[in-house]
Every structure is written in C-alpha cells, then in structure tokens.
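Asks: Take a look at this one; I'll ask things after.
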There are 4 protein chains.
Amino acid sequence: MIIVMTSGAAEEDIARVIQRLEQDGYGHHISHGVERTVIGAVGAPEAEKEQLADQLSRLPMVERVVPILKPYKLVSREYHPETGVVKVGPAHFGDEKIAVIAGPCAVESEEQVLEAAQVVKAAGAVALRGGAYKPRTSPYSFQGLGEEGLDLLAKARELTGLPVVSEVMAPRQIEGMIDRVDALQVGARNMHNYDLLREVGQTGMPILLKRGFAATVQEWLRAAEYVAASGNLDIIMCERGVRTFETETRFTFDLAGMAAAKQETYLPIIADPSHTTGDYRLVGPMALAAVAAGADGLMIEVHPHPDQALSDGPQSLTPASFKRLMDQVRTVAAAVGREMA
Amino acid sequence: MIIVMTSGAAEEDIARVIQRLEQDGYGHHISHGVERTVIGAVGAPEAEKEQLADQLSRLPMVERVVPILKPYKLVSREYHPETGVVKVGPAHFGDEKIAVIAGPCAVESEEQVLEAAQVVKAAGAVALRGGAYKPRTSPYSFQGLGEEGLDLLAKARELTGLPVVSEVMAPRQIEGMIDRVDALQVGARNMHNYDLLREVGQTGMPILLKRGFAATVQEWLRAAEYVAASGNLDIIMCERGVRTFETETRFTFDLAGMAAAKQETYLPIIADPSHTTGDYRLVGPMALAAVAAGADGLMIEVHPHPDQALSDGPQSLTPASFKRLMDQVRTVAAAVGREMA
Amino acid sequence: MIIVMTSGAAEEDIARVIQRLEQDGYGHHISHGVERTVIGAVGAPEAEKEQLADQLSRLPMVERVVPILKPYKLVSREYHPETGVVKVGPAHFGDEKIAVIAGPCAVESEEQVLEAAQVVKAAGAVALRGGAYKPRTSPYSFQGLGEEGLDLLAKARELTGLPVVSEVMAPRQIEGMIDRVDALQVGARNMHNYDLLREVGQTGMPILLKRGFAATVQEWLRAAEYVAASGNLDIIMCERGVRTFETETRFTFDLAGMAAAKQETYLPIIADPSHTTGDYRLVGPMALAAVAAGADGLMIEVHPHPDQALSDGPQSLTPASFKRLMDQVRTVAAAVGREMA
Amino acid sequence: MIIVMTSGAAEEDIARVIQRLEQDGYGHHISHGVERTVIGAVGAPEAEKEQLADQLSRLPMVERVVPILKPYKLVSREYHPETGVVKVGPAHFGDEKIAVIAGPCAVESEEQVLEAAQVVKAAGAVALRGGAYKPRTSPYSFQGLGEEGLDLLAKARELTGLPVVSEVMAPRQIEGMIDRVDALQVGARNMHNYDLLREVGQTGMPILLKRGFAATVQEWLRAAEYVAASGNLDIIMCERGVRTFETETRFTFDLAGMAAAKQETYLPIIADPSHTTGDYRLVGPMALAAVAAGADGLMIEVHPHPDQALSDGPQSLTPASFKRLMDQVRTVAAAVGREMA
C-alpha cells in the first residue's frame, strides 16, 4: 500500500499516517519527492487491507492510497501457475480440451428437454444446461418450472448420461438441486449475492460462476474468492458479456477481459456467446472467437424449436445450426492447438 | 407491439406473423410502407408480452419487434398520478417534506451507533441507517455484526425514537429483522435478486429499494413491480449512482435518471450521495443537487469518527459537517417549495 | 511515479529499472516489501512522464507503474486556488454570480434568432447561444446555415447587446467567427480534436470547452491544458453528460464529475441540462440541480417554437417555460449563497 | 416512422400529428389499440427523417416516435449484398483473404521505421502503419514527427513496396499526405469530426475509419455514410474497442459489435487488437479472436524495440512475437475457410 500525501503536507500529517500504520502492525518507507511525499506500508502481508486503506484516505493531507497487492489469493495464478481442472460428472473443464455445455435456456417440458439433451449430446456437448429457476426482469414473465424442471433435467441426464448444469437463485433451492444436477450455476445477476456465494461454496459441488454484467474482472475474481474461501475450489468461470452503451447486441462480449482474467486466475474459464449477444446470428462467430481467444469451453443455448421458446428464443440455435457450429469449433480448436472434449 | 418486417418479406412471411399473433389472441393492423411492411398487434392488453415478442423476433423476415406498452403497472404513475406516501415508523416519505435518513455505513459498536443516532437526530434526520449485514466485494472485509448489530440498532431506536432502516441480504435474515428494524433495505447488489424481492414483498414492511448500479431506470421500476406484485406497495426508491467509465467518483450519480423515474412512477424517490460519490467532499454538493432535482429525501452516511470507520470511511460525514449540510438542505428545500420533515 | 515489480523480480530486474530512471535524470527510492518490491522515481518534476511510464511498464518483471502527479498544470487549482473569471463581452463567468447562456440549438432564420435573443435577454440570460455549424450524426441532417448564420448572430448581438457563443467545428471556420461571435465553443464531439484545441487556443478568444461524452474528468482537464498550453487561459468548462447504458435520457448528467472537476481546476464550470437530457421536461430539474451542485452558470436551449425546430426540438424550452425556470434558478442560486448575473 | 400517442390522447391530438405528417408529404395509417393509439407514417422514403421525428416528439400527447428505416444507405449491405473490396496500393481488403497492416504506433526515426517495415513485410503484412501526426491526451506528450515522419514513411514504402496507412488529424494535413501515404486513417478520437470526414471523402483516397471509442455501431456506420456521401466508397472500417467501466484493458474489444456491423454494411472491417487492449500479452489472443469472428484483416503495432518506444510501448509486439503471431493467424484463418493475403 502506497500513501500519497498532498503537496502541502507537514511533518505532523506524515507522522499521523505512520502512527496509524504502526497501530496495525505495518512498517514504512518514506520517499520525499520534489512535489509529493509518498509513504510505503511494509510488512504483515494480508490479502485484505481495504479497511485500513479507507481509513488512511480520510486522514488530513492524504491525497490518495494506492493498493499494491491483489485482493484475492486462493484463486490466483500467482499461487497456482497451472490452470486447474474442474470435473462435472464425467466432464472435465480446464484441461487442453474444449468442453461445451449446451441446452435450452429454460426447461419447458419433458419433450423439449429430452429432445434437446439428445441433440446436443449427438453434436458433441459434454454437459446439458437448462434453467428450472429463471431470473426474469419482469415478475410477469415465465419464471421456470422449479422442482418439476429439476426432475426433468435428472431424467434427461439418465437418458443421455450428460451431467447437468442449472442455475441456483436462492440458498433454499440448493437442497433440491444436490441430487438432480451436477453443477450449480450462479448467474450474472447474483454474482454480487455474497450470501449465495458462501452457500454454494459450502456444498462442495462444482460451481459455474458467471461474470456480473457490471462487474470488473477484479470483482469477478473476488466473487470466486468468496466461493473458494468457503472451502470450494471447483469453480468454472464464465464470461457472458458486460453492459455498455451499445444496443446492437444485448451485452458487450468482453473476450479481452476473459483473456486478462486467465492471466490472473488458474481457474478454467468458459464463454457464453448466447446470452451476451442475444442474437442467434452472432452466436457462431462469437463462439469461434472465444475459442480462438483461449476459452476452455463454451455454454450455448440450443432449443429444438426456438420460435416457440418460452424464454430467450432469439438467441437459441436450432439443432441443425448447433451441429454445424460444433464442427467449426472443432476446426478452430485444432488451429489453436486444442481439441474437443 | 409493432413488428417490422425486413425489406424482402413475402406475403407468406407476413401471414406467419399474423397467424402467430392470432394464436395468442391478438388482432392486427398492417401498414405497407414503401420500403417496409409494419404489423401492429392489437387487443388483449397485458403488462407482459415479452415472451411473444421474443418468439416473433425469431420468425423469418422479421427485422425487429418494438414494444409499445410499459412493462410495469402497479408502480406506474399512469395509474396513480399522485406521489404516494410511505410511512416508516413515525417518518413519512413522499409528501411535500424532505425526509433524511442518516447514520453509519455499518454498525460497529454500541457506543458508535448510539452516538451516531443522537447526532443525526439532533441535526434533523427522521430515520437512522446502519448496516448489520454488509455486502462486501472481498470475503476478507468486515462483514457486519449480524444479529448483534440488529440489537444495537433496536437499542438506538429505543434511545432516540428514530425508526431504523437496515439492509437485508438474504431471506433468512428477514425474521430477525422484523422486530428490530422499521424498513428493509434491498441494496444495489441485490436489486436483481428476484427471490429476495419477492420475500421482502411478502413481509408487508416498508422497503427501501436501491437502484442496481448497472440497472436501467426501466429495470429499477420492474424490480419495484416485483415487490408490488408480492402485495407490498410501501416502496421507497433510492438512486445511488450507476457504473460508468468515470473513475473520479465511485459511481456516477444519475439525477436525471431519478427525475425521469419520478415521471414514470408514483413511488417516493430519495437519493444517496454518500455511496455514489465515495468522497465526503462531494456528499454536500450532491445532496443539495438531489433536493433541487426533486428528490423526496436523502440517505447520508454519518460516522462519529470517519477515520476509524470499519467500512466506507472516505464517504462518511462527521457530525459537524452533517449538521452544516442539513442547514443547507433546509435552505435549498425551501427554494424549491418544500420543507424539511 | 511508482514502479511495482512482480513477486519474482530479481536484483537485475530492479537494476534495469533504476538504470532506465537514471537515464532520464531521476533518482529513486527502493522499498522491499514482503511480497513486492516497489521503486519510487524521485526528482526532475515534469508535468508529463507518460512516455517513460509506458516504457518502464514494458521492462521485464515490472507489474505496473503508478503515476503520482497530475498530468496538467496550467489549469490546476493547485497553482491557482481561486476560481478564475472569464469575460465574454460584458458577461462574466466564474465570479459569485450564476451566468446563463441561452438560445436556439441552431440558427434557422433571422426571425427565429432575433426573437430568441430578445426572449432570453428579457428573462435574464447574459449571453446568446446559437449554432451556425452543427455537428450532426447523419450527413443528411440539417448542417447549419454557416456564414449566413454567423451574420444573423451578429445581428442579434447588435439588437440586444448580448455576447454570442457559437460552436466551431474546424480551424478554417475560425476566421469568419472572430468578428461575429464573442466566444468559441468546442463541442463534445471535438473535445479530443487536439488540432482544433490548439487552433482555438491561439485566437486568444474565450473558449467554451464542452466535456466529451466519453471523456473522463482527467481527459477533460487535459483538453483544457491543450488550450492553455497554446497561451489561452480564458476557458469556460461545460459539463453536458456522458454516455452510459441508460437510455431514458440522451446522456447521463455527471454533476458529481462536475463537482470533482471544480476541486481540480480553477476554471469556471457551467452545465448544459438541455443536451444531456434531450427532454424538455427534465431540463428544469437538472438546471436547478446543477446550480445547487456548484455550477458557475448554465447553457440552455430556448426556441420560440420548439415543435418547428430544425434540430433538437425535444429538448428546447419555450420562451414561457424558460422564463419560469429563470425565476426558479434565481431562488436556488440564492439558497446556495449566489445570485444571478 | 411510428408515432405512439400517450394513453389520454384525444382526437385533436391525433389530428395534429397527421396534419404535421401531411405537411411533409407523408400519408398515415392509424391503429387504435386498447391502451394506445399508434400512427404509422407512410410514403416518400428518405434516409433521414430525424428532424421531423424530433419535431413530432414535441407535439402534445405524443409519447414517443420510433424510427423504422436505417439512417444510412450508401454503405448498407441491404443495397450491396456482397462485401466490397478496397484496394490500398497493391493490397486488397475485403476479399476472402486476411490482410494485415502492421508497424510502429508512431514514426520516431529513419532507422526505426525502415527496420519495422522490413520486419513486418518479412512476416507477411501487406501494409505498413505508422503515425506522423499523433493524437495525444496530453499536450506535453510526443506529438509525432509531422512532415518529416511522412517522408520517412514514403522512404519505407520505397524500400519495401508496402503501401502506407497513416492517421490524418486535420484537413490541412491532407495535402502533404496525398503523395506520401496510400490510405488516410481517421482515428477513434476524430470519428465524430464531421468536417474531417467530408474532407477525406473528397480526396478519393482509401479511408481507414476507426470506430469512436464511445460510438455505437449505428453511429460508426453513419460516420462511414459521411465519407460515402462525399463521393468516396473506398472505406475500410476498423474496430478498436469501446470505453466501459472495465480497467483491466485499455478499452473493451467489441467483436460482437464488429460482427453485427458486418451484417449491416458491405464495407470490409478489420480489427486493431493493439490499441484496444493496450497490453502486448493480450494482442495475440485478440488478433486470433478477431479473425475467428470474421474480421477481414488486422492492424497490429510492431516496434523493433518496444521498451524504447516514444508512444504506446506497452502494446507493441517485438518482431519475433509478431512473426509467431502471424503464423498462428494463418492457421486460424484457414480454420474459418480463409487464407492470408
């Protein structure tokens, strides 16, 4: 932590900062520049010094406080240079292979989810997605089938052998999901729901952690640190677009942010081109781009009949176009030295 | 709902759209323009047609679907022209008076919260704020005193008579809060936590609903509609800044968004200049600006000793500066034809 | 400048940084922390060290480089504690009075501009605005009357005595403007047009510098530094909204950014609630908010007949509503200890 | 154009809108819904009706006006289904091949630019980039060598045969560039500089039009329409990142926006991973992602000695890493059915 004093800071102002640092067990280095005095805090490494930084920034004549260390540790690549592998049932995420999760946005009926599961398996997906609980902007929209949807997912798993990834929106939904799904997804709207992060961390199940649509890469990594600090390191990160002024796409796909995150964390990272674009015509190009940029996998919406979907029809692929895309993904994966799972 | 066809749409493409509309019980009007055919859906008013709109947008040769009606109803000013009044204990929000909620960011100790409560009451605040559960970006930051903090808030209420507003982060915290606080705050990070919105809606307690920092005004109003649809119309809206590229302030205070929201909803709206700026030097100017812009109240952080605060010290006012600010707020309120509560 | 080394940095990596600093004439301080070594650059104060910072950040094992000094000097409040006064003809900006510039978005006809000039003068405006050159998003929109428009502005000035502020979009337009307008406005779309900034700086005329809609406060201040470095310190800053995800208003009015800028620069700052909101119903509340937040003046669009305006009709006030607003501005100005110019 | 009336609109309000439409030569269709009346404007197709739309939105009881037609025409894929080919000297952009422009950010010396030109040619680039005029945020940064830099670029062209692309910041620079460079680049900061757009359009030279960092895809296309409306259709579009809240990368690379733009326009589009990320470690992944997403080419910064660069060193590749990247680009291009130019 570096404390920058304002230009007119007196000896007593500097002494006050040093005293505060000593109170928390820090040593210090002082550097008297021509226009500014800068104080470096030394010692007692801790992942979190934000509270002290906040307090120091309120002392008289302190201009600003610059943190030096990263605010996360357990999920950091600094401590685990190799990308970790997370297992979801028989599927692996984070090894050299590209793992694809596919399926409908929401579970709507037995017929729909079983058909979708068979279709995505045949095309090469290694896991099935499907929402039983749906976070919808409006209270009047279809909110998912709930427990009944979970049963249908379990049935699809039995039929196809595909492990199931499904979104959890509240702690009380966890119990009913443990036996029926294989990985719990924390959605973008709940990435800052710290209570939920702690709860899913304690299940020991693999967690798919989507990036909040207004979360910085640093905040996304700290959300993962919440899960990790609850004792669970089986975390798959998922980039799904951030909110910007651009309205041509539903969100702005931040592949450079994903690549930057990969440098910071050893956790596997996949990408969701369906939710980010909201437009089936853009899903293909963005899926290929994500793989070329280094994604460890993809999450793609596929619906047997997109024009009848109860949610997010405009971004769902048909079975036929998903199959074509998987062939292209295979080729691009090979071009960057990887293969399909 | 208006359906715009692409320029090459054939009769059969148009027929397909009309058939789909009829399937859901809508009539239609067709307008053949020089370059585009436009179809208007007529009939069966519903607050929510998003699902159909999504499906229509997947039909061949449909360029885009434009919604006409607003996706909220219960909280709309269209149906309740007068701003509603929400009572929090003895305090009123939404009448002609400016109501100020003040207190520390987090409850830290009995001494701190009792001192703060007395100070803010003396200066003219009508309610006490204080967090017992704190949403923190890092798992290693101070997370609040929990139940113990709630007890201290109840004690402060007893001492001063001020009703208490405190943040709820999870449904299971609600039970312990019912008797000890007077209004439940849903924070910016949980505005999209629909499960929580429904739960707090069912308590019947007054709800303070902060705007998500990446939520549009429309989404904020729909979040209020979630609470309202659970049977609770005692909602106070709170603008607290949105996330932008600007880093000079913690968030960007969207007073124009607040003023736009006031045109759309009859719910009272207050503003939080402390969290939005993150800088005590800007809290004063922004508090005055909010009142001039039409806010029905303010939420301001006051800490007896900001340089010792366990969270958000840099944005907390000292008792002395809060008192000065309240005097200025009184003057500006009068200038726009209002008075202090 | 502070150079943070990565955790595995060796002595030779540190030596390389020090050698590079010495090459540019800097001394250094080294602070060996538990996890990071931090090097402070000392000496030779310069407003601009970005190039060196960029180069240092490319050296091996350098994690990041943190600048300490602000990248502007001439416009900084650090060097001129008192807000400066800029004169535009007989009008003053930056003293204790609120100065209002008003008039139509674009000059459309003699009748329109003369009527508007008389109306805004009668209501208390101290300067007339009106665009002869209009930056329009589409090449097919009305682009302004050009030289003819300048003549009409000069005529309006003659009639009313109001000094004229008008936008310059290109260096070659300057010559024709020198005699016919009293201040040159650099619009939001040209804030990063450094060639134009230098050119207007050399005229010696007062400059109204609008904030770019994607410019940080720091970039806005550096744009002012461009003008100042060309020898011209008669600069009035103008906040006019930034671009965000919110679509309810045309731009997001950043009054907190304006207040933050006032702490950094001694230049007078005014606010434009018309362009930022794009909605005449929000102009009033935002004008009052700006004055309450500390603006030194306002820039407001007034059109004799907004529903016939050739540009930006939706945000223009009618003469009657402008008059009412000016009365309210007067009251709010008084509430914050100021009066109308 | 669709005009939506507010719920209480009377017959006379509707009549007023119709009268206004007729005044401009439009017919109309009226659709009386249950809650809203909607009026469609019919006839007289024009690319630009914004002025009328603005005026209509000011009429009493008009809720909003929804445009139906796209505001650009000459650059639209609707009128030219096939992607166009733009020639820059011997290089082609927009055919099936991936064309790479590479070179230093700024021209610094004869030695540097000649070395860079040879290096990038050897690795497979088809054009040389290099700035003689540099838009710098600070007036104290290196501003480019100007005319001398242009001479050096011409010398590099003579030596290697590579055509030269260089940025123009002001109309008066054009004359000196016509003979010494082969394509004029309009930078992100000048995308809204309409005067410059018109001027470069009139030269008849190929134009490289970078997307403004706060420009929507629609605004970018309209900027191209400005150039096209001046008679010049030889336009290469270049995505280079947009500004968001994320600070991990300099800008946020909007590849989905690029893909969306490709659906709208027939102009070739390339991508610049160097400026968008500002970090040499991310240039490679993003270059590959851009090609996988359908970019027609790339623009990449290469410097013989990045740690000595006078501008943007942190994002420049070394000759060796550029060579490696080109090999990877070749492989990914093949995977999506294209080859290197």
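The values are calculated or read from the model by the stated rules, or taken from the named source; none is laboratory data. Every value quoted in this text rests on a predicted model; they were computed, and no experiment measured them. Please note: Cβ atoms are built from the backbone with ideal geometry, for glycine as well, and neighbour counts cover all protein chains shown. Ligands, DNA and RNA are stripped out before the accessible areas are found, and what is left, the full protein with its side chains, is counted by its heavy atoms. Shrake-Rupley method; radii C 1.70, N 1.55, O 1.52, S 1.80 Å.
Asks: Looking for something within 14 Å of chain C (Cβ to nearest Cβ), within 13 Å of C:Leu255 (Cβ to Cβ), surrounded by 23 or more Cβ atoms within 10 Å (Cβ to Cβ) and within 23 Å of the chain's Cα centre (by Cα) - is there at least one such residue anywhere in the stretch B:263-274? Spell out the reasoning first.
Replies: So the first thing to find is which residues in the stretch B:263-274 are within 14 Å of chain C (Cβ to nearest Cβ), and the list is B:263-265, B:269, B:271-274.
Now drop any that are not within 13 Å of C:Leu255 (Cβ to Cβ), which leaves B:271, B:273.
Among the residues that remain, those that are also surrounded by 23 or more Cβ atoms within 10 Å (Cβ to Cβ) are: B:271, B:273.
So of that shortlist, the ones also within 23 Å of the chain's Cα centre (by Cα) come out as B:271, B:273.
Checked the stretch B:263-274: at least one residue is within 14 Å of chain C (Cβ to nearest Cβ), within 13 Å of C:Leu255 (Cβ to Cβ), surrounded by 23 or more Cβ atoms within 10 Å (Cβ to Cβ) and within 23 Å of the chain's Cα centre (by Cα).
Asks: Run down A:Arg64, A:Arg16 and say which single residue is surrounded by fewer than 19 Cβ atoms within 10 Å (Cβ to Cβ) and at pLDDT 85 or above.
Replies: Just a single option satisfies the conditions, and that option is A:Arg16.
Asks: Of the residues in the stretch B:314-335, how many are in a helix (DSSP H, G or I) and at pLDDT below 95?
Replies: Total meeting the criteria: 2.
Asks: Specify the residue that is nearest to D:Cys105 (Cα to Cα); the eligible residues are those in the stretch D:241-250 that are open to solvent by less than 10 Å² (accessible area, probe 1.4 Å) and either hydrophobic (A, V, I, L, M, F, W, C) or more than 7 Å from chain A (Cβ to nearest Cβ) (or both).
Replies: Among those that are open to solvent by less than 10 Å² (accessible area, probe 1.4 Å) and either hydrophobic (A, V, I, L, M, F, W, C) or more than 7 Å from chain A (Cβ to nearest Cβ) (or both), it is D:Gly241.
Asks: If you don't mind, there's one more thing I want to ask. Would you call D:Leu184 crowded, with 19+ Cβ neighbours inside 10 Å, more than 21 Å from D:Pro273 (Cβ to Cβ) and out of contact with any Lys or Arg (no Cβ under 8 Å at 6 or more places or on another chain)?
Replies: yes
Asks: What residue, of D:Val75, D:Val126, D:Val62, is within 25 Å of D:Ala287 (Cβ to Cβ), touching a strand residue (DSSP E or B) at 6+ places or on another chain (Cβ under 9 Å) and hydrophobic (A, V, I, L, M, F, W, C)?
Replies: D:Val126
Asks: Going by what's in this entry, would B:Asp195 be described as buried (at least 24 other Cβ atoms within 10 Å of the Cβ), more than 22 Å from B:Gly103 (Cα to Cα) and at the interface with another protein chain (Cβ under 9 Å from one of its Cβ atoms)?
Replies: No; evaluated as a whole, the condition is false for this residue.
Asks: Which condition does C:Tyr140 not pass, out of (1) in contact with a strand residue (DSSP E or B) (Cβ under 8 Å, 6 or more places away or on another chain); (2) open to solvent by 20 Å² or more (accessible area, probe 1.4 Å); (3) modelled with pLDDT under 95, if it passes all the others?
Replies: The single condition C:Tyr140 does not satisfy is (1).
Asks: Of all residues in the stretch C:216-232, count the ones that are at the interface with another protein chain (Cβ under 10 Å from one of its Cβ atoms) and farther than 21 Å from C:Phe251 by Cβ.
Replies: Total satisfying the criteria: 6.
Asks: Looking only at the stretch B:160-167, decide whether some residue is within 21 Å of B:Phe93 (Cβ to Cβ), touching a helix residue (DSSP H, G or I) at 6+ places or on another chain (Cβ under 7 Å), assigned by TED's automatic domain parsing to the domain that holds B:Val119 and of a type in the set (Ser, Thr, Tyr).
Replies: Yes, the stretch B:160-167 contains a residue that is within 21 Å of B:Phe93 (Cβ to Cβ), touching a helix residue (DSSP H, G or I) at 6+ places or on another chain (Cβ under 7 Å), assigned by TED's automatic domain parsing to the domain that holds B:Val119 and of a type in the set (Ser, Thr, Tyr).
Asks: How many residues does the stretch A:301-312 contain that are within 23 Å of the chain's Cα centre (by Cα) and either under 27 Å from A:Lys87 (Cα atoms) or part of a helix (DSSP H, G or I) (or both)?
Replies: Within the stretch A:301-312, the subset within 23 Å of the chain's Cα centre (by Cα) is A:301-302, A:311-312.
Then keep just the ones that are either under 27 Å from A:Lys87 (Cα atoms) or part of a helix (DSSP H, G or I) (or both); that gives A:301-302.
The total comes to 2.
Asks: Here's something else I'd like to know. Looking at the stretch B:276-289, which of the residues that are open to solvent by less than 20 Å² (accessible area, probe 1.4 Å) and at the interface with another protein chain (Cβ under 7 Å from one of its Cβ atoms) is nearest to the chain's Cα centre (by Cα)?
Replies: Residue satisfying both the conditions and the ranking: B:Thr276.
Asks: While we're looking at this one, here's another question. I'm told D:Val329 meets every condition in (1) within 12 Å of chain A (Cβ to nearest Cβ); (2) open to solvent by 10 Å² or more (accessible area, probe 1.4 Å); (3) among the hydrophobic types (A, V, I, L, M, F, W, C) except one. Can you identify the failing condition by its number?
Replies: (2) is the only condition that D:Val329 fails.
Asks: Within the set of pairs 6+ apart or on separate chains, which have a first residue in the stretch D:89-108 that is under 21 Å from D:Leu150 (Cα atoms) and crowded, with 24+ Cβ neighbours inside 10 Å, a second that is modelled with pLDDT of 95 or more and of a type in the set (Lys, Arg), and C-beta atoms under 7 Å apart?
Replies: D:Ile101/D:Arg129; D:Ala102/D:Arg129; D:Gly103/D:Arg129
Asks: Hey, among A:Ile39, A:Ile30, which residue is modelled with pLDDT of 80 or more, open to solvent by 30 Å² or more (accessible area, probe 1.4 Å), in a strand (DSSP E or B) and outside the structural domain of A:Glu219 (by TED's automatic domain parsing)?
Replies: Values: A:Ile39 fails: open to solvent by 30 Å² or more (accessible area, probe 1.4 Å).
Among A:Ile39, A:Ile30, only A:Ile30 is modelled with pLDDT of 80 or more, open to solvent by 30 Å² or more (accessible area, probe 1.4 Å), in a strand (DSSP E or B) and outside the structural domain of A:Glu219 (by TED's automatic domain parsing).
Asks: Which of the residues that make up the stretch D:171-199 are more than 17 Å from D:Gly149 (Cα to Cα) and free of Cβ contacts under 8 Å to residues at least 24 places away in the same chain?
Replies: D:Asn193
Asks: Something else: Would you check if A:Leu298 is more than 7 Å from every other protein chain (Cβ to nearest Cβ) and part of a strand (DSSP E or B)? Walk me through how you get there before you give the answer.
Replies: Numbers: more than 7 Å from every other protein chain (Cβ to nearest Cβ): yes; part of a strand (DSSP E or B): yes.
So A:Leu298 fits the description; yes.
Asks: Also: Is it the case that the stretch A:150-171 has a residue that's within 14 Å of chain B (Cβ to nearest Cβ), of a type in the set (A, V, I, L, M), surrounded by fewer than 22 Cβ atoms within 10 Å (Cβ to Cβ) and more than 16 Å from A:Ile270 (Cβ to Cβ)?
Replies: Among the residues of the stretch A:150-171, at least one is within 14 Å of chain B (Cβ to nearest Cβ), of a type in the set (A, V, I, L, M), surrounded by fewer than 22 Cβ atoms within 10 Å (Cβ to Cβ) and more than 16 Å from A:Ile270 (Cβ to Cβ), which makes the answer yes.
Asks: Just name the residue that is surrounded by the fewest Cβ atoms within 10 Å (Cβ to Cβ) out of those in the stretch D:216-233 that are more than 24 Å from D:Val100 (Cβ to Cβ) and small (Gly, Ala, Ser).
Replies: D:Gly231
Asks: Tell me whether the stretch A:67-86 contains one or more residues that are open to solvent by less than 20 Å² (accessible area, probe 1.4 Å), at pLDDT 85 or above and within 30 Å of C:Glu78 (Cα to Cα).
Replies: There is no residue in the stretch A:67-86 that is open to solvent by less than 20 Å² (accessible area, probe 1.4 Å), at pLDDT 85 or above and within 30 Å of C:Glu78 (Cα to Cα).
Asks: Now for a separate question. Scan A:Arg243, A:Arg222 and give me the residue that is more than 18 Å from D:Met286 (Cα to Cα), within 13 Å of the chain's Cα centre (by Cα) and not β-branched (Val, Ile, Thr).
Replies: Values: A:Arg243 fails: within 13 Å of the chain's Cα centre (by Cα).
One residue alone meets the criteria, A:Arg222.
Asks: Taking interchain pairs and intrachain pairs at least six residues apart, which have beta carbon atoms under 9 angstrom, with the first residue in the stretch C:8-35 and free of Cβ contacts under 8 Å to residues at least 60 places away in the same chain and under 24 Å from A:Glu35 (Cα atoms) and the second aromatic (Phe, Trp, Tyr) and assigned to a helix (DSSP H, G or I)?
Replies: Listed by first residue and then by second, the contacts come to nothing, as the list is empty.
Asks: Within the stretch C:308-318, does at least one residue satisfy the condition of being out of contact with any strand residue (DSSP E or B) (no Cβ under 6 Å at 6 or more places or on another chain), of a type in the set (Val, Ile, Thr) and assigned by TED's automatic domain parsing to the domain that holds C:Asp95?
Replies: Yes: one or more hits.
Asks: Restricting attention to the stretch A:203-215, does a residue exist that is at pLDDT below 95, more than 17 Å from B:Ala214 (Cβ to Cβ) and within 7 Å of another protein chain (Cβ to nearest Cβ)?
Replies: no
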